Each structure stands twice: as C-alpha cells, then as structure tokens.
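Asker: Take this structure, written in structure tokens, and hold onto it; I'll ask about it next.
We did not get these values from a lab; they are worked out from the coordinates using the rules stated. Only a predicted model underlies this, so the values are computations on that prediction, with no experimental measurement involved. With ideal geometry, Cβ positions are generated from the backbone for all residues, glycine too; neighbour counts draw on all protein chains shown.
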Amino acid sequence: MAPKIVNVPKTDPRAYNPNRPAGTLLRSQALHMREALTKHAQELKALLDIDMASLKTEADVSAYVHRSTALLHRYAGKSAKK
Amino acid sequence: MSVGLQNLKHIVVLMMENRSFDHMLGSLMQKYPKINGLTGNESNPDTNGTIVKVQQKAEFQSQLDPDPDHHFPGVDLQIFGTTEQAAGRLPNMQGFVKDYFSQTKDVNRSHNIMYYFDSQKDLPVLSTLATEYAVFNGWFSSIPGPTICNRAFAHYGTSFGQVGMDIFYILDNTIASIYERMIQAKRTAKIYYYDQPSSTMEIVNLLKNQPQIFATFDQFISDCSANTLPDYSFVEPCYNDHPGADGGQILASDQHPDHNVREGERFIGDVYNAIRKNPSLWQSTALLVVYDEHGGIYDHVVPPACTPDGYTASADATGTGAPFAFDRLGIRVPAILISPWIPRGTVVPGTESAGNAQIFEHASIPGTVTNFFLNGDAKRTVREQQAKSFLGLLTDQMRADDDCVVFNNLQ
C-alpha cells in the first residue's frame, strides 16, 4: 500500500513583498553581520600593514602566505561541504 | 536502549520563528483531547477592560502587522498581566492584548493577538506531523524574550546572560557551541541556512569554523539524497522575501509575522520529505520541528520555573526595572519529534499533567545531541545538563513505510 499523501496548497503569490519594512530581527541580523565583517576587516588590515621588505626568510614568507591563503580561501566562495 | 535509538545516526533540528503553541496547534484539542490546546473560553482583557476570548480566525498573513512585541518587558507584561514588579506577583497570561495595543494603538486590532488557526484545515503539514508523530505539550522557549537569545540556547545551552537582540558575545569561551563540540570530537555537524541572501541567525560561528559548520538548504537536500547528512544538522528557514538567483521570487518561510504562514508549511514539508524519501535516512534520523519563541502571540500555559544557568541579566538589560536570574522559561512553542520509531498520536505531557509533566526547552537540543553523540562529554551549563533529552520517545517498533505520511507541495 502506498503511504498517505497530504497535499499542501500553494502560497498566495501576492505574499511576496520584498519592499516590506525590515523588522527588528532582520535589522539585528544585519548588525550582527556587520560585526562579523569588522573582525575580518581587522584581520585583512593587519596583513596589508605588514611591510613586504620585512619578509627576509622562508619562514617569514611562509607565515605571511599561510595567513593570506587562509583569509583568501574564506572569500573564495567554496561551498561548505561535509 | 530502544531499537529505535540503536538505529539512530542523525538528529536534525528545524527551528522556525515566532508562533505560539496555541496559535498553531491549540485547535487540535477539540479532536485530540490529550493535546493541551484551547477550549475556546480562554481570554484576556483589552485596554478598555473588555474580555476578549480566543477566536479561530488566524490568517496566513496581514493580521499581525505591526509585529507583536516579544522583547523582555513586553513578554513580562504578557505573562503577568501588569508592568508592576511587585513581590509575589503571579503569572496569569493576561497581558497579551494589552501589550499588543502598545503596537497597534487600535483596540480592535489588538484583539488579533488572541487569534488561532483551524490547524487541520489551515496547517496540513504541522497538524499532520503533530498527530502522526510526537507533539510536546510542554516545550517552552528558553527565555521570555526575543529570537537571538532564545536561539543561543539551541546552539550553546545558554545565552551567556543575554535577554535581547544585542550583538551576541561569548562571555564564557569554555562553553562551546554544539557544532564545535561535535567537530572537536571528530563527529560531523552543520547549520544549513536557506541561501546567502537569507543567511543565518547564528552569527558568532561565522567567525570561525565556517566551512565545517555552514551550508545552504540546497546542500541539505543533496546531503539527504546522497546519504551524506552529518550526525547533527540544524536547518534555518528563509528569513526574508528576495529575488531568486534565476530572477524568480523567494518567499520568507520562517513564519515570523508578517511572513506568510503557508510558505513555512511548505518548507517544513520539504525538510520532512527530504528525509522521508530516503529509506535508509528515514530509518536512522530523528527530526525535531520547533519554534524559537512565541512572537508575542497568545498561549494559555504559564511558563514554569527552571534551573538558573548561573547568569543574571541586570534591571537595565531586562528593561522591566527588575533583574532576571534565568529562573523562568519563556512562553510555550510548538515542538514535534518525527521518526518512524515513534507511535502515531504520541502526546508528551506538559504542565497540565502535574505528576507526569515532561518539560523541555531549547537547552534540551544541545543537551540531547551531546548526550547521544558525545556521551555527555562536554563542558556545559547546569541548565543544559538538567535539560530533558527528547530521544526517549523512540521505541522498539518501526512503523511500516506505508504508515508514514508524505507531503506534496502543489504547484
């Protein structure tokens, strides 16, 4: 025997309203995002502030490349797969 | 340990937004007397002193605009029926209409907060799940307050003393999120947000462990069909209306007022179907559908006291003039546990069953996941340690495939 199937009606197309004023929750979400971005910006600025002439050894360059690669990978749009 | 638990490999939590138990499921009591819903005689006074009864007149959209108050002082009024912080005052659930008047400035419109759905007619997905699997009469939001602090309990088992929507800082970095606990223990866990324009409400973890923790809803669907679902998954609905990548229209599916409730129904059905249609996943997964808080909408059950989690929110933070010691739960929300190992029509008793009450709140989520996958091995708040686990509802008997419903979203 086949399982019982429950039909779910379609949502009224008039429900779509991207111009609806954003509520407290969504405005709070944007603020949280901004805070998260600030942390990234500080990390980026710290890397940009490093004087390239100060990278003398392979270890110096390795450390710089390591931090830069990690940061760039974060912005590379890789899908977060398991 | 039951056979159902022995077979369990995945726990999935879908957390919706801002609807109370009575608003969504209260009408079911007429047909299913064990469900602690509405008799139809529950009431609140309005600002003119007129008694306003609950009414089965809820609509999918437009009745709850402006957004009902669900911040700490508003919920305090809803629960106690007064803004006075007198010692010994008793909760009576009599302040909902008064509080909504503060938004609407319209006495008649303030009555909308007492409206509830004809669940079986209007909400075919939620009502079917509630009556086909296990519905909780006593699942409460963790804090009588808004979204962010309540969702924090689902992720951390505490809100670290927060009772509002402020930017959420971890004050005690020895309490890890459930995702970090799982990853550190070489288990798998993921938050699936709907898409990038909707993103996540769990912001703190954006700062670290991003690739391990986050994925989109499309990936959830793929992971369900490919048998690559993590041990623990937390699914977030779409939080806003926005254009789709192909130029179409993406509707908010979170059911937050004033988003369309039916779109949320379809989303819940999608999450369920993704698990249900893969036989091996279906047999090895427990899906919890739960709402983060009541959104300011009427519920008749008084929130019970609870174990404090060691924090105190100051009088300034609560906005009521009195501090809060996290010793009372928030307002009751819909919660349904789904698995083929759960008998049809299971009703988990709540506060209406004095000697048999089983009280749950959002700290039960990381508590259950930690107990099941990590043998309880993590530093946790006392609140989480004492939160009740919900997996005891899985039995030895698996229901036949044709005994478990499937949803069909009409196009």
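Asker: Could you work out the Kirkwood radius for the range B:118-273, taking every pair of different alpha carbons, averaging 1/r and inverting it, reported in Å? Before the final figure, lay out the partial values.
Answerer: Values: mean 1/r = 0.0582 Å⁻¹.
It works out to 17.2 Å.
Asker: Still on this structure, I have one more. Just to verify a number: FRET efficiency for residue B:59 and residue B:374, C-beta to C-beta distance, R0 = 41 Å, to 0.05?
Answerer: 0.40
Asker: List the extent of the Cα atoms of the protein assembly as shown along each of their three principal axes, largest first, rounded to whole Å.
Answerer: 80, 60, 48
Asker: Taking the Cα atoms of the range B:4-147, what is the range of coordinates along each of the three principal axes, in descending order and whole Å?
Answerer: Result, largest extent first: 55, 34, 27 Å.
Asker: So, one more: To two decimal places, what compactness ratio does chain B give when its Cα radius of gyration is scaled by 2.2 N^0.38 Å?
Answerer: Details: Rg = 20.1 Å, N = 411, 2.2 N^0.38 = 21.7 Å.
Expressed relative to 2.2 N^0.38 Å, the Cα Rg reads 0.93.
Asker: Please state, as a whole number in µm²/s, the translational diffusion coefficient that the Stokes-Einstein equation yields for the range B:205-301 at 4 °C and 1.567 mPa s, with Rh defined as the Kirkwood radius across alpha carbon pairs. Mind showing how you got there, number by number?
Answerer: Values: Rh = 15.4 Å.
For the chosen part, D equals 84 µm²/s.
Asker: So, one more: Over the range B:307-411, calculate the relative contact order: mean separation of alpha carbon pairs under 8 Å at least 6 apart, over the residue count, as a percent.
Answerer: Details: 104 pairs, mean separation 29.0, N = 105.
Once divided by the residue count of the range B:307-411, the mean separation gives 28 percent.
Asker: Which order results if B:381, B:82 are arranged by neighbouring Cβ count within 10 Å, fewest first?
Answerer: Values: B:381 25, B:82 14.
Fewest to most other Cβ atoms nearby, the residues stand as B:82, B:381.
Asker: Which ordering of B:15, B:29 is given by a fewest-first count of other beta-carbon atoms within 10 Å?
Answerer: Working: B:15 25, B:29 18.
Fewest-to-most Cβ neighbours within 10 Å comes out as B:29, B:15.
Asker: Would you work out the relative contact order for chain B, in percent, from Cα pairs under 8 angstrom that are 6 or more residues apart?
Answerer: On the way: 926 pairs, mean separation 114.7, N = 411.
Contact order relative to length: 28 percent.
Asker: Enumerate the amide H contacts of residue B:85 below 5 Å, restricted to partners 5 or more residues apart or on another chain; note that Pro and chain-start residues carry no placed amide H.
Answerer: Under 5 Å from the amide H of residue B:85 lies no amide H from a residue far enough along the sequence or on another chain.
Asker: Please compute the average number of Cβ atoms from other chains found within 10 Å of each residue's Cβ in peptide B:60-73. Could the numbers behind the result be given before it?
Answerer: Working: counts 4, 5, 1, 0, 0, 3, 2, 4, 0, 1, 2, 1, 0, 0.
Per residue, the average neighbour count from other chains is 2.
Asker: Rounded to the nearest 0.05, what FRET efficiency do residue B:186 and residue B:30 give with R0 = 35 Å and r taken as the Cβ-Cβ distance? Could you check?
Answerer: Values: r = 49 Å, r/R0 = 1.40.
Rounded to the nearest 0.05, the efficiency is 0.10.
Asker: Give me B:287, B:391 sorted ascending by neighbouring Cβ count inside 10 Å, so fewest comes first. Before the final figure, lay out the partial values.
Answerer: Numbers: B:287 24, B:391 20.
Lowest to highest Cβ neighbour count: B:391, B:287.
Asker: Using θ = phi - 60° and the Karplus curve 6.51 cos²θ - 1.76 cosθ + 1.60, what whole-Hz ³J(HN,Hα) does each residue of the range B:382-390 get, with Gly and Pro shown as x?
Answerer: Result, ordered by residue: 4, 4, 5, 4, 8, 5, 6, 7, 9 Hz.
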